[in-house]
Amino acid sequence: MQPGDLVFISGTYFNSKSKTYPHNMVHVEIWLGDGEKTIGARWHRGHVQIHDSYKFVSKSYYNMVYYFRSIDTWLKGICKKYLLAK
């Protein structure tokens with residue numbers, strides 16, 4: 001992982017009426033490259049913040065799985081449609 005890479009989170013919403021997304025993706029943050037630190041908006045506050053870890057307990061979803069993806073291939077114009085858990 002390099003600074004700027006993405007951490008995607010899939011999960012299952014507690015509320016079965018919540019809109020679902022492809023691959024059950026529920027959140028994404030940007031890796032800062034310092035331990036587990038990321039930057040992103042959580043908890044419906046609308047504020048982007050630096051977080052000590054990409055791991056957190058959500059009030060909206062559970063069964064969280066983390067996917068780590070480099071943006072290098074995307075920057076080179078290569079877009080592949082697949083997700084693999086780390």
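The values are calculated or read from the model by the stated rules, or taken from the named source; none is laboratory data. Everything numeric here is computed off the predicted structure, so don't read it as measured data. No Cβ is skipped: glycine too gets one built from the backbone with ideal geometry, and neighbour counts run over all protein chains shown. Protein only, heavy atoms only, side chains kept; ligands, DNA and RNA dropped before computing areas. Shrake-Rupley method; radii C 1.70, N 1.55, O 1.52, S 1.80 Å.
Within the stretch 1-74, list the trypsin sites (Lys or Arg not before Pro) lying in a DSSP loop whose Cβ has at most 13 other Cβ atoms in a 10 Å radius. Each step should come with its number before you reach the end.
Working: sites: LYS17, LYS19, LYS37, ARG42, ARG45, LYS55, LYS59, ARG69; in loops: LYS17, LYS19, LYS37, ARG42, ARG45, LYS55, LYS59.
Those satisfying the criteria are LYS17, LYS19, ARG45, LYS55, LYS59.
Give me the 1.4 Å probe accessible area per residue for the chain, excluding ligands and nucleic acids, in Å². Kindly include the intermediate steps, with their values, before the conclusion.
Values: 6300 Å² over 86 residues.
About 73 Å² of surface per residue is accessible.
Could you run the Debye sum over the Cα atoms of the chain, one equal point scatterer each and no solvent, and tell me log10 of I(q)/I(0) at q = 0.13, 0.25 Å⁻¹, two decimals?
-0.44, -1.35
Amide H of SER58: which non-local residues (sequence gap of 5 or more, or other chain) have their own amide H closer than 5 Å, using H built in the peptide plane?
none
In the stretch 1-76, carbon and sulfur make up what percent of the accessible area (probe 1.4 Å)? Don't jump to the answer; show the numbers that get you there.
Numbers: 2830 of 5210 Å².
About 54 percent, which is the carbon plus sulfur part of the accessible surface.
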